[in-house]
There are 2 protein chains.
Amino acid sequence: MSVTTLHRPTHRDALGLLETAFGGGRLVTVFGRCTVEYDGRASSSLGPGDRLIICKPDGTILVHTDEKRKPVNWQPPGCTHRVSVREGRLRIRSERSAPEERLDVDFERIEQVSAYEVTDRSDLTLTGSEEDLRQRILDDPALIEPGFVPVATERETTAGPVDVFGADADDRPVVVELKRRRVGPSAASQLQRYVDALDEEFPGEYVRGILVAPSVTDRAAALLEERGLGFVALDPVGEDGDGSGSDSNRSGGSGGDDSESDDSESGTVDGA
Amino acid sequence: MSVTTLHRPTHRDALGLLETAFGGGRLVTVFGRCTVEYDGRASSSLGPGDRLIICKPDGTILVHTDEKRKPVNWQPPGCTHRVSVREGRLRIRSERSAPEERLDVDFERIEQVSAYEVTDRSDLTLTGSEEDLRQRILDDPALIEPGFVPVATERETTAGPVDVFGADADDRPVVVELKRRRVGPSAASQLQRYVDALDEEFPGEYVRGILVAPSVTDRAAALLEERGLGFVALDPVGEDGDGSGSDSNRSGGSGGDDSESDDSESGTVDGA
DNA sequence: ACGTCGATTTCGAGG
DNA sequence: CCTCGAAGTCGACGT
């Protein structure tokens, strides 16, 4: 049986299913009226309401309301789930140590419990990451500027690992910091930090810093300017050949359409 | 009816329920064998497997596998869901513009569909945030150091807003950057950024920078030292009176136990 | 374990 | 809208 579901179960029946499901490595959903208490890195309290709780066999627990992408409460993988019934409430408790954290979901009423048998061997493939941007630059270093030669990636410095370390046409050390999307002040600071560190490593040499991203905010641009840092506008995916390695800030549009016709009936919901 | 569930429905029946549920502002879960394609800020592809899909009335869609806290694929609130059946597959498509993004979940087989009526008026209360740390300091500025006087919070600078701006006993400008937990190099950079900005605002004056956090990493401590920045060890919650305003790095333990005895039966699952 | 940083980060606040 | 920074961030990879 791939799915087991109880509709409006007694707490005792729900507890039985939950025990079996937890023991059998199943994914579980519980829907009902509950309160949630959390204590650990922070503390939180959530009054009564109807929510969807998801318990994963890896120890994850999620409490979802009807809004937002993030669970209102949760526990990360590696936790231990326990179920108990007392004083007319069904409690799911999730705990872990290091750090010491506990989440209690107390159900006053359970509308539905389901236990799913999950099989999923597929891995996600994703493109458009910073890693893709790095590969793009290693494949064609001139995208940074003519004469740029990459020497190392993730090169360690006292301030942390540098995305791409290399040399320019005049053999000066160059630090390249990559960002897959438009950047703000923090990216400029990060680059500055690496340049400072390498300045100490290469006394007497002028260490250049170049930020590579689709675009920068005004404030970030000002910081870069102030610090004598360079900027190269580049997308992680090379939709169109943009190889001008200069100090121009422009935003990269995200294109790529492929049309597909609709079919038969269709239901729609518009987000809030 | 608070919950409507179909077990192993035909695609047509599932589509009917989904349309009704989407139209009625319900939270929906679908479990079955599916593939997922995403294109937008990045692009991803996920081969066939059994997954739990959650569609929220605010336009959120989540694709969860049996592992991890984060969905393997998703779409944020504000998207539009559409359902269709074609060539033996049921497709849930979620789209938005600004940015242009699309997520397609194609079901080959549906084990279960449920539509939940969610009512949740309760708000989450959370303690232990950076805001709590700030309040703690405003209540007792001497926690920073004797003679410290807060002047403004979120004070704007050319480098961004400063958490707490004030003056020390000698009336020198002080920038305070708050972090609710142990910090790394980025926090030191952030503070440095603000100090630099205020240095320009107060020519001729020495602007001090102080990082307030439970603790710092070695590298962050080195960066602070290098830059002449101060550090005060402080937790967002004042579990024990720690008012020493000095350069000691120590990690803050998270306490607070309240014991509760177990009861009746109990099922357990250990994370991986 | 801890450190460091990326992320389709998400999220909220403010301009 | 955009900018900016927090987050119980999570997660991966390294030491």
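The values are calculated or read from the model by the stated rules, or taken from the named source; none is laboratory data. A quick note: this is a predicted structure, and the numbers were derived from the prediction, not measured. Backbone-built Cβ (ideal geometry, glycine too); neighbour counts: all protein chains shown. Areas reflect the complete protein model, heavy atoms only, side chains present, ligands, DNA and RNA absent. Shrake-Rupley method; radii C 1.70, N 1.55, O 1.52, S 1.80 Å.
For the reader, a short list of remarks on this structure follows.
- Verdict on B:Ser94 being under 29 Å from B:Arg181 (Cα atoms) and away from DNA strand D (no atom under 14 Å from the Cβ): no
- Note on the range B:41-98: among residues that are away from DNA strand C (no atom under 11 Å from the Cβ) and aliphatic (A, V, I, L, M), the one that is surrounded by the fewest Cβ atoms within 10 Å (Cβ to Cβ) is B:Ala98.
- Condition check for A:Asp140: out of contact with any Leu (no Cβ under 9 Å at 6 or more places or on another chain) and acidic (Asp, Glu): yes
- Selection from the range A:22-35 of residues that are more than 8 Å from every other protein chain (Cβ to nearest Cβ) and more than 22 Å from A:Gly49 (Cα to Cα): A:Gly24, A:Arg26
- The range B:172-197 - residue that is under 20 Å from A:Asp196 (Cα atoms) and more than 10 Å from DNA strand D (Cβ to nearest atom) and, of those, surrounded by the fewest Cβ atoms within 10 Å (Cβ to Cβ): B:Asp196
- Residue in the range B:218-234 that is open to solvent by 50 Å² or more (accessible area, probe 1.4 Å) and not in a helix (DSSP H, G or I) present: no
- Residue ID - surrounded by the fewest Cβ atoms within 10 Å (Cβ to Cβ), chosen from residues in the range A:131-171 that are in a strand (DSSP E or B) and more than 15 Å from DNA strand D (Cβ to nearest atom): A:Val151
- When the range B:99-130 is limited to residues that are in contact with an Asp or Glu (Cβ under 9 Å, 6 or more places away or on another chain), among the β-branched types (Val, Ile, Thr) and within 9 Å of chain A (Cβ to nearest Cβ), the one that is most open to solvent (accessible area, probe 1.4 Å) turns out to be B:Thr119.
- Residue pairs meeting the criteria (Cβ under 6 Å; at least 6 apart or on separate chains; first free of Cβ contacts under 8 Å to residues at least 60 places away in the same chain, in the range B:105-132; second open to solvent by 10 Å² or more (accessible area, probe 1.4 Å) and polar (S, T, N, Q)): B:Asp120/A:Thr65; B:Thr125/A:Ser45
- Hits in the range A:35-91 - residues which are over 21 Å from the mean Cα position of the chain (by Cα) and of a type in the set (Lys, Arg): A:Arg51, A:Arg82, A:Arg86, A:Arg89, A:Arg91
- Qualifying residue in the range A:151-167 (condition: touching a residue at least 12 places away in the same chain (Cβ under 8 Å), of a type in the set (S, T, N, Q) and within 8 Å of chain B (Cβ to nearest Cβ)): yes
- Residue pairs whose Cβ atoms lie under 6 Å apart, separated by 6 or more positions or on different chains, with the first residue in the range A:24-35 and open to solvent by 10 Å² or more (accessible area, probe 1.4 Å) and the second part of a strand (DSSP E or B) and among the basic types (Lys, Arg), are A:Arg33/A:Arg109.
- Filter result for A:Phe107 (under 20 Å from A:Phe22 (Cα atoms) and among the hydrophobic types (A, V, I, L, M, F, W, C)): yes
- Matching residues, the range B:1-21, being open to solvent by less than 10 Å² (accessible area, probe 1.4 Å) and within 9 Å of chain A (Cβ to nearest Cβ): B:Val3, B:Leu15, B:Leu18, B:Ala21
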